[in-house]
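Below is one structure; the comments refer to it alone.
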Amino acid sequence: MRIFAIIIALLAACAFGQVPPAAYGHQHVQRQQAQAVWGLNAPMATLAAQVHQESGWNCDARSWVGAVGCTQFMPATANDMAKRYPDSLYPPNPRNPRWAFRAQAQYMLDLKNGRGARGAANDCERMAFALAAYNGGEGWVLRDRAVSDASGKPRGVFFGAAQYANAGRRADFKKENADYPERILLRIEPRYIKAGFGKGSCS
């Protein structure tokens, strides 16, 4: 019955636009791990909003495609992160919140500094490209940006431009990828700013 009550509380919190109780339970560890990567100016509200979207702060979550943990790393990506950052992420353990938050922070910083987000118009757009890459792969972000640029849309802009360009994905996959940064940055992030988690990327 306790598990059922927790699920109901989580669904109610999400439905009414609140921060779920589990987020507060993980807040300190996430901040600690994110600041170890980003420094004191880590965009905590953005990273928290991403966890909210990925798993609702359920660190035992497993998706139908096999993504695991509160930050929903695929096993192959978790293994790759462990190889690239052996001092902090080996062995891979995406079900462990400490590992998951550290890997999320590192991967998001890598993507924000990567080719897919390069030349973005501002920090908000840059984070949107990074989130799109987290969700659908950096290669697709680069291809979608090329399509958007060729169509005459503003360069370096995700929202309203590259967001809707499709370099060849199935329509449902593209829609999910287009909506992912918008949900996190424009709809969920403000809740976490208001709840005192820290700064966001688009506020």
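The values are calculated or read from the model by the stated rules, or taken from the named source; none is laboratory data. Bear in mind that the values here come from a model prediction, so they are computed numbers and not experimental data. No Cβ is skipped: glycine too gets one built from the backbone with ideal geometry, and neighbour counts run over all protein chains shown.
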Q) When the residues of the range 68-82 are filtered to those that are free of Cβ contacts under 8 Å to residues at least 12 places away in the same chain and of a type in the set (G, A, S), which remaining residue is surrounded by the most Cβ atoms within 10 Å (Cβ to Cβ)? A) A82
Q: Would you check if Y85 is surrounded by 14 or more Cβ atoms within 10 Å (Cβ to Cβ), under 22 Å from E176 (Cβ atoms) and of a type in the set (S, T, Y)?
A: no
Q. Can you name every residue in the range 130-160 that is under 18 Å from the mean Cα position of the chain (by Cα), surrounded by 24 or more Cβ atoms within 10 Å (Cβ to Cβ) and in a helix (DSSP H, G or I)?
A. A130, L131, A132, A133, Y134, V141
Q: Report yes if G139 is more than 29 Å from H26 (Cβ to Cβ) and in contact (Cβ under 8 Å) with a residue 24 or more places away in the chain, otherwise no.
A: no
Q. Restricting attention to the range 116-128, which residues are out of contact with any Leu (no Cβ under 8 Å at 6 or more places or on another chain) and crowded, with 19+ Cβ neighbours inside 10 Å?
A. A120, E125, R126
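Listed here are the residues, each with its yes/no results for (1) of a type outside the set (G, A, S); (2) modelled with pLDDT of 95 or more; (3) within 27 Å of S63 (Cα to Cα); (4) touching a Cys at 6+ places or on another chain (Cβ under 8 Å).
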residue: A100; (1), (2), (3), (4): no, yes, yes, yes
residue: Y107; (1), (2), (3), (4): yes, yes, yes, no
residue: N113; (1), (2), (3), (4): yes, yes, no, no
residue: W140; (1), (2), (3), (4): yes, yes, yes, no
residue: A161; (1), (2), (3), (4): no, yes, no, no
residue: D172; (1), (2), (3), (4): yes, yes, yes, no
(Q) Condition first: without any contact (Cβ under 8 Å) to a residue 40 or more places away in the chain and in a helix (DSSP H, G or I). Now tell me which residues in the range 113-125 satisfy that. (A) R115, G116, A117, E125
